[in-house]
Structures are given as C-alpha cells and as structure tokens.
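*Asks:* Pasting in a structure now, in structure tokens, and then I'll have a few things to ask.
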Amino acid sequence: MGGWILGRIGNGASAIVVASVLVFVLLWVGPNPLEQLKRNPEFSPADIERITEQYGLDQPWHQQYASWVRGLARGDWGDSMVTKRPAKEMIMERLPLTLLVTGLAQLLSLAIATPLGIMLAVRRNSGFDHSVAVATFALMATPGFLLALLLQFGALKAYHATGHLVLPTAGPGGEGFLDAVRHLALPVVSLTVMQIAGWSRFLRSEMLTVLASEYVRVARAKGLSSRTIQLRHALPNTALPVITIVAMDVATLFGGAVGTEVIFGLPGMGSLLLTSVNQRDVLVALDIVVIGALLLVVANTVAELLYGVVDPRTRSHS
Amino acid sequence: VANRGNALKGITATVGRTACALAYAVACALLAAGCGSVQAPATDTAEGAAPVRGGEVRVGIVQEPATMNPYILASGVVDATVFDPMSDALVEWGPDSQPIPVIATKVPTLANGLVRRRGKGMDVTVPINPKAAWNDGHPLTCADVRFTWQTIMDERWVVLSRAGWDVITGVDCPDPHTAVLHFRTVYSDYLNVLVAILVPEHDQRGKDFNSSWVEDVPVSNGPFEFDRWEHGTYIRLRRNEKYWRSDQGLPRLEGVEFRFLQDPNTLNLQLSTGEIDMISRPLNATVDRERATFPRSTYVVTPTMIVQLFTFNHSHAPMNDPRIRQAVAYSIDREQLIDVILGKPFRLLHSTLVPQLGDYFVAPFDRYRPDPDKADGLLREAGYQRAASGYYERRGEPLTLQYKGLADKGTSLQIAQLLQHQMKQAGIRMQITLETPQVFFGQTLRSSAYDIIFWDQGVRNPVQRSFFHCEPSPGRGNAGRYCNKRVSAMIDQAENALDPRVRIRLVREMQQIIADELPVLPLYQRLLTAIYAPGLRNVSPNPNSTVTWDVANWSWVDGTRDAERGAG
C-alpha cells in the first residue's frame, strides 16, 4: 500500500513538473520582456540593466526555469515585476477565497446532484425526468458568464422590487459572517448550478446501468425494498465514476473560477491570474498555474486513493 | 502616465474581451428593460443645495493600481484617479483649461513678472501658500519642491518620465515659501511641471524611492489620506484631518473608496443597486443608449484633451506621395463615420487640436469633404488608372493600403470596416489589421509597418512636438515619420515663446501647413462620462484631469450616501 501511494504521489509530481515546464516555455516564447524594455524609450540603459539583473531576463529559458525552481525549493516564489510584492504573499492572500468558493460549490453540487441523479434514474422517462432533462441540458449549454449575469440581474430585480439589497451583486463582503454569506451566495450558486447539471446527468446514467445489472435483479428477486437496493447496493457501485468526475472537475471549477471571480468582483486567485497574464507578470502567472496544477494532481491522487478504499481490486490491478 | 494607463487598460481587456463585451451588451439590454418601470428623468448636472459634510463616496474602477507610486514605473501605473484625492499640486488645470493656483498663491506668468528670461534660459518663481502643510502637520515649503525635482532627476530611481524636469538646472529657496525654478532654456510648457505631485522631503529623504509608496502613502498633502488597501477589492482614503484648506470646510466627505471591478457590466449593476456611487469611463456608445442604462443616475459627458485620428505613414510608398494622401482624404466621408458608428454627441473634428484650447484652435481640415472628382484627378496625376476591377492600378498593381488599429477600442472594427467600404467605392483597396496594444505600440509603430493607423493623440500641449517635429521627444513620437523643417522650426520657436500671442500665431500657422501636407486626418474628440448617484453634489469633470481632481468639493445632499438613506 505504501509503495502504491508513493507511486501515485510520484506521478503527481511528474505532472506538475511537466505542466510548469510547459507554462514556462509558453510564457518564455511569448513577447520577451527584455526586448520590450529595450524598445521602450522611457527606460534608460541603467534602468534596463538593473531590471535585467534583478529578474535574470538575459538568461536562457532553462536557466531562468532552474532559478525559479531553486527559489521555490527555498520557499521563495519570486517577486512580481508589476507590484514589486512577493508573489507568494500575493497568491496566499487570494488562495483562501478561491478555495472557499470552489470548495463550497463542489460540496453543494455533490449534495444536490447525488439525490437528484438517483431520483432521475428511479423515475426515468417520467414527466419529472423529462422536465429536469430540459433544464439540465439548457444549463449545460449556457455559458458560465451568462448564468452569472442572470443571477446578478435577478439580484437587481429583487432590489428594485423590495428596495433592499438582499444579495449584493459583487465583492467579497467582510463585515461579519452573514455579510460574507450574502456576498458569496451568487458566485457559489453560479458555480454550483453548472456542476449540478452535468453531475446529475452523469449519475442518472450510471445508476441506470447499475440498476439494470444482474446483482440488482437478484436483490430484487430476494424481495429487498427498492430503497434498500438503490441506497445500499446501487449507489456504492456508482461511486468510482463519480469520484473520477468530481476529481476531474476540480480543474474545470478552478478554470471557471476565473470568470466567476471577475464577474462577481472577488479577489481570488482566478482574478489575480487574469490580471497577471494581462500585465505579463510572468512569475505570478506561473506560480498560479503551478498551484492550479498542484490542486488538480492532489485531487486526482486523492481520487485514486479513494478508488483503492472503495474498490480494493483497483489496487491489485495497478 | 495617462497614455500608459490607457494602454494597460487595453491590455487588461485582451483576455476577457469577448466575454466582457458580450456580457456588457447583454447586461445593458437587460438593465434597460428591467429599469423601465422605475424611470426618472436623468439630469445633466448636479445643482445646488448648500454643501453638507459627511458620508463617503465609492468609486468603481476597472483596473487596480499596481503600486501607489505614480512616478516609479513597473509594468503598470497607479491610476491617477486614485492618487489625485491625496495630492494637491502647486497649480492645477481647471475645466476651462486655465491654470488654477492651488498650493501656489499665484500662477507664474510673464505678465505678473513671476516668469523671467535669464540669458538663454528662464526663471519661474512660485510663491507657496504659507498655510500649505502635509497631513502629518509638517509645513510644505520650497524644500519639498526642490526635493521633488531632485527625486525625479535622480538616476537611481526608475522614473516614468522626466520630461520638463530635465530642463531645470536648479531650484533655489530664497525663503521657505518661495521656490525659484531655473530653466536651462526658455520652456513655454513650464506649467506642466508645476502640476506634478509633490514628494515630501522630510519623509522621503534617504529612502529608496523605487520602493516607496508601493503599498501605502503615509505622508501626503491632499484633502484625503491613505487609509487601507485590500488587494483585489478596494483602496480606501479617509479625510485628512490636518488638511491645510480645512478652514474652507474642505474636504466635505469623510472618505473615498475605490472599488476594483474588472467586469464593466458588474460596475453598471453596482451603480444601479447603489453598491457604488460613481463610474467614470470613456464614452463609446451613444449617450442615449447609455443613459437608458442608468435612468436614476446623474450622467455627465465631458470632452477630453484626446483626439482620435488617422495617421498617414510618410516613410514609404504609397503614402509618402502627398497626392495619394490627399486623394485618400477626399475619399473618406468622415461625417458618415461619426453619424453611423458613434452618433451624438460625437462631432467631426477638423483640427488636431480641440476647442478647449481657446485661441490655439483652428479647423483647417474642413476642406477635406468627400470629393470623388478631386480624388480621381489626384490619383491620375500620381500615375494610377482605374482598372476593370474597380480599383486604381499602376503598372498592374492595385493601390493597396495597410490599415492598422487597436483591437481594444469598442468601435475600432466598425470604423475600419466602414472606412474600407468607402475606400473600395473610391477605388482604393484597404487591408485591415487590428492589433493588441503590445503589438501595435511595440512593433507596428516602431517598425513603421503600416500605411494608415487609427489611434489617438493627447493635445494638452498645443505645440505638439511629439507628433510633428522631425526630432520628436521620446515616447510615442511622430509615428508617421512626418518631417517638414519649417514646421520643426516653428515648433522650436513656439516652445521658446513665452508670449502666448506669439505661440498662438505660430500654432495656428502650423495647423494650416499640417492640413496641407496631411500627416494626419482628425476624426473626433474623445469623450468621457461620469455617471453618479443623484445625491452627489459639486462633481465637475475636467477635460484636463481625472474625475477626482476636485474631490475636496464633493458632498452628499444631506451628508449621507444615497444608498444609505434609501434614495439610491
């Protein structure tokens, strides 16, 4: 078991290295900051020399990458070229909000999509099933930003109707717990609704497959109640694919958080990523991408560990 | 700073542009529909009631400043809108483009004897108000003016621009309340040095200015002082309790908060719900369409000192031929471009200057109206014949122009497409490329890889050395590579002329030559909107400055934010 876990962690680390090299090279082959500085008449040669030395801009990409990795190993994530602040400080003040919003969305999605998926499978081809199918397909076809806009518009309509701003349209809040809940409600709902749509369809499909299997027929023949069959026999067997999709959707959620954070004015990592890419703040952008990759790898490693727990056969196969 | 700020705003838009544009369009439509039932007449100006102290104002802005230091260049710039409430300058440009003394007790001019020629140079004497002080109570004196010059000229600091300061050879302080600036040459644009943000000597001497004012500004001299910066969310300024003009009841507000919202649609929504009190941004759509989005807000449109124009490339064929430039000018229906794409209140501009510059302003480009016969004559004279393809050709090659513009302008593509259509009608093929600011400024302008560009020029200084002199000043200089020795000599003369009458005469004469030779063809003056809560008083947008330039005078009608007293 120990070797198996180490193997999974090793795979994850390799993925992070590959992702970071790719991102570094992509940013490196983009507009060269040193060339841009040299072309800018507002910089004197002394300014260019100082900035070049400070950020090692005249070194080849692999040396710059190695220097960045050495810095990471020392806990030094580099300084932002734009704000001159340590990248680590900039990211760490943003990371908790992103984790909170995406984590809440993930939990809520799971809590709602699981029973919904079961209900859809059990009541397949009913009016309820068809109605939810229309709604979920519509949601899956809706761009995330449009859903966010509609939620904001709903908040605006409610404000005009009542004269009270029940749900603020943007910002993180911060004047107490309730204020934070009010401010985070719309972004969390926006991310959650998108996830529920996809996950509930997926669960429905998995449940239908399991409910049609031999052992369920046997259980039914033994006279077990439908509820017992669904919850004790069918549901655990849908766990493996569900774990997979939840782990994979960490990346989707993280990517979706960029748009959500921008639209809802949340100072999270997504909005920082957008700002740093726009401002060619290479180190900050790189650090954020690596953290995103790290989160994805951690989620997938946890998922693989859970496979082993849920179904010990996967351990022996691997 | 303003130009780089605009460029950076453009950069900010690059990644999320498509989504934001669509989002904005959808939200405008939704808002216009949704607010229909609660419409109230919008007003153009806030009139009236006696100023009451109290309340804060929340201003929504799209781009968060990278640092608070307006002088030091990183890759971004502090938004001057954020810094202005913390800073009083010696002199400010007023809304009527006239200088207003702020910390100076008088605006130095030749007429009042405070500007004097001295050999080849000149001296500018600035009388400093003895009451002027920093927010820590330390008096603001000539030493601060001298230290500001020393700081800006210090080679150790990565200062954005030293323009104007590098003509100064020294600053003398005969007494603490008199600063004498010695200029190496006669420098007629000296007032633009006096509008600079002052650096407090007692706070900054001995410090690394590259690292100062990055996270906060502990010592400042404006009506508000730095309070808190919550990164990604807001910067809050509070009332400067030791403000040196507090005996005039200033400032009237308790504080100003700048909220950062990257999505323009969210800014709109927050203004509609009273979560923020003000937005200020360039006007791209027609006023009527935007006004409908904010039926309950005060909506003010202000001209800016920025001209949107076409620049023709003089460095290579075909646009180095004046006949081709004129033929192009006679083929463009500029009136149609304005009417169809921008609508009211945009107006066709017949000058590279703006009416706010008073006597400097002339409109010599009004001669260029669509005239197919003139264009045909000029092209034939240049050796082109109209071919069966409908295009003019010379030696079998159609007359083809490379048109480049910025992809971040809301109407940039529409203008390019309509222009392309007009050119086609006139028999001239035009190929359009819209580029990101990095490519446009970093490559296209520097390598001169275009025939026509559509962009903007700041015209605060009517002499316009940067755009029409054979040896322009550093920066976005003379992109069209236009060079006329006579014009350059007139620019040199105008810059050395302290008598405004002489400058006005030279500038007006220059405008006529420029209209003849067509290095540029102006289209319109850019407009800025300020949209704010109806209870906010004494906001006076200024074409020469940011919307917060006179924030000390702002007040709420009864000392409370509209949103807090349920009037939003």
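*Asks:* Could you pull the Rg and Dmax for the protein assembly as shown, using just the Cα atoms, both in Å?
*Replies:* Calculated on Cα positions, Rg and Dmax stand at 31.2, 112 Å.
*Asks:* Give the relative contact order (percent, whole number) for chain B; include only Cα pairs under 8 Å separated by 6+ residues. It would help to have the intermediate numbers written out before the result.
*Replies:* Working: 1149 pairs, mean separation 122.9, N = 568.
Relative contact order comes out at 22 percent.
*Asks:* Hey, another quick one. Do the sum for chain A: with -39,500 (n - 2.57) for every DSSP H run of n ≥ 4, divided by all residues, what is the mean residue ellipticity at 222 nm, to the nearest 500 deg cm²/dmol? Numbers along the way, then the final one.
*Replies:* Values: 14 runs with 243 residues, N = 318.
The helix contribution divided over chain A gives -25500 deg cm²/dmol.
*Asks:* Can you give me the C-alpha center-to-center distance between the stretch B:497-540 and the stretch A:110-187, rounded to a whole angstrom?
*Replies:* Between the Cα centre of the stretch B:497-540 and that of the stretch A:110-187, the gap is 50 Å.
*Asks:* Under 1.5 on a/c is rounded, so check that first for the stretch B:157-315, then, if it is not, pick prolate when a/b is larger than b/c and oblate when it is not; a ≥ b ≥ c are the square roots of the alpha carbon gyration tensor eigenvalues. Let's see the in-between values first.
*Replies:* On the way: a/c = 2.04, a/b = 1.33, b/c = 1.54.
It comes out oblate by the Cα gyration axes.
*Asks:* Under a 5 Å amide H to amide H cut-off, with H placed in plane at 1.01 Å, what residues pair with A:D79 once short-range neighbours are removed?
*Replies:* Excluding prolines and chain starts, which carry no amide H, the hits are A:A87.
*Asks:* Please report the relative contact order for chain A, taking Cα pairs under 8 Å with a sequence separation of at least 6, and give it as a percent rounded to a whole number.
*Replies:* Numbers: 307 pairs, mean separation 83.0, N = 318.
Averaging sequence separation for qualifying contacts and normalising by length gives 26 percent for chain A.
*Asks:* Could I ask something else about it? Enumerate the helices in chain A for which the Kyte-Doolittle hydropathy averages 0.0 or more and the C-alpha atoms extend at least 20 Å along the helix's axis, using complete DSSP H runs. Walk me through the numbers before you get to the answer.
*Replies:* Numbers: long enough: A:2-29 (40 Å, 1.74); A:95-122 (40 Å, 1.93); A:127-141 (21 Å, 1.22); A:144-162 (27 Å, 1.17); A:177-211 (44 Å, 0.94); A:235-263 (39 Å, 1.38); A:282-310 (41 Å, 2.32).
Correct list, ordered by number: A:2-29, A:95-122, A:127-141, A:144-162, A:177-211, A:235-263, A:282-310.
*Asks:* For B:E254, what residues show an amide H to amide H distance below 5 Å, using hydrogens built from the backbone and excluding near sequence neighbours?
*Replies:* B:G54, B:G55, B:E56
*Asks:* Among the lysines, which fall within straight-line cross-link reach of B:K404, defined as a Cα-Cα distance under 21 Å, with same-chain neighbours fewer than 8 residues apart omitted?
*Replies:* Qualifying lysines at Cα under 21 Å: B:K9, B:K424.
*Asks:* Could you list B:R228, B:R259, A:R8 in order of exposure, starting from the residue whose Cβ has the fewest other Cβ atoms within 10 Å? Don't jump to the answer; show the numbers that get you there.
*Replies:* Numbers: B:R228 13, B:R259 23, A:R8 19.
With the sparsest Cβ surroundings first, the list reads B:R228, A:R8, B:R259.
*Asks:* Then there's this: According to the square roots a ≥ b ≥ c of the eigenvalues of the Cα gyration tensor, what is the shape class of chain A, taking rounded for a/c under 1.5, prolate for a/b larger than b/c otherwise, and oblate for the remainder?
*Replies:* Working: a/c = 2.95, a/b = 1.55, b/c = 1.91.
Because a/c hits 1.5 or more and a/b fails to exceed b/c, chain A counts as oblate.
*Asks:* Let me ask something additional. Report, in whole Å, the centroid distance computed from the Cα atoms of the stretch B:183-209 and the stretch A:215-267.
*Replies:* 64 Å
*Asks:* Now, a different point. Nearest 10 degrees is fine. How inclined is helix B:142-153 to the longest principal axis of chain B, computing both from alpha carbons?
*Replies:* So the helix axis and the longest Cα principal axis differ by about 40 degrees.
*Asks:* While we're here: Straight-line reach only, C-alpha to C-alpha below 22 angstrom: list the lysines that B:K106 could link to, leaving out same-chain residues fewer than 8 apart.
*Replies:* Result set, ordered by chain and number: B:K131.
*Asks:* Could you tell me the relative contact order of the stretch B:247-383? Use alpha-carbon pairs under 8 Å, at least six residues apart, and round to a whole percent.
*Replies:* Values: 91 pairs, mean separation 31.2, N = 137.
Averaging sequence separation for qualifying contacts and normalising by length gives 23 percent for the stretch B:247-383.
*Asks:* Read phi for every residue in the stretch B:342-347 and hand back ³J(HN,Hα) as whole Hz from Karplus 6.51 cos²θ - 1.76 cosθ + 1.60, θ = phi - 60°, with x for Gly and Pro.
*Replies:* Once rounded to whole Hz, the list reads 9, x, 5, x, 5, 9.
*Asks:* To continue, here is another question. To the nearest 10 degrees, how steep is helix B:412-425 against the longest Cα principal axis of chain B, on a 0 to 90 scale?
*Replies:* 20 degrees
*Asks:* Something else: Rounded if a/c is under 1.5, else prolate if a/b is larger than b/c, else oblate: which is chain B, with a ≥ b ≥ c the root eigenvalues of its Cα gyration tensor? Display every interim value, and only then the final one.
*Replies:* On the way: a/c = 2.04, a/b = 1.28, b/c = 1.59.
Here chain B falls in the oblate category.
*Asks:* Let me ask you something else. Cut-off under 17 Å on the C-alpha distance; same-chain residues fewer than 8 positions from A:K88 excluded. Which aspartates and glutamates are left, in chain and number order?
*Replies:* Here the aspartates and glutamates satisfying the reach criterion relative to A:K88 are A:D76, A:D79, A:D281, A:D287, B:E215, B:E230.
Any read-out appearing in this document is the output of simple, stated calculations on the displayed coordinates, not a laboratory observation. Remember, predicted model here, so these are calculated numbers, not experimental data. We place every Cβ from the backbone using ideal geometry, glycine too, and count neighbours over all the protein chains shown.
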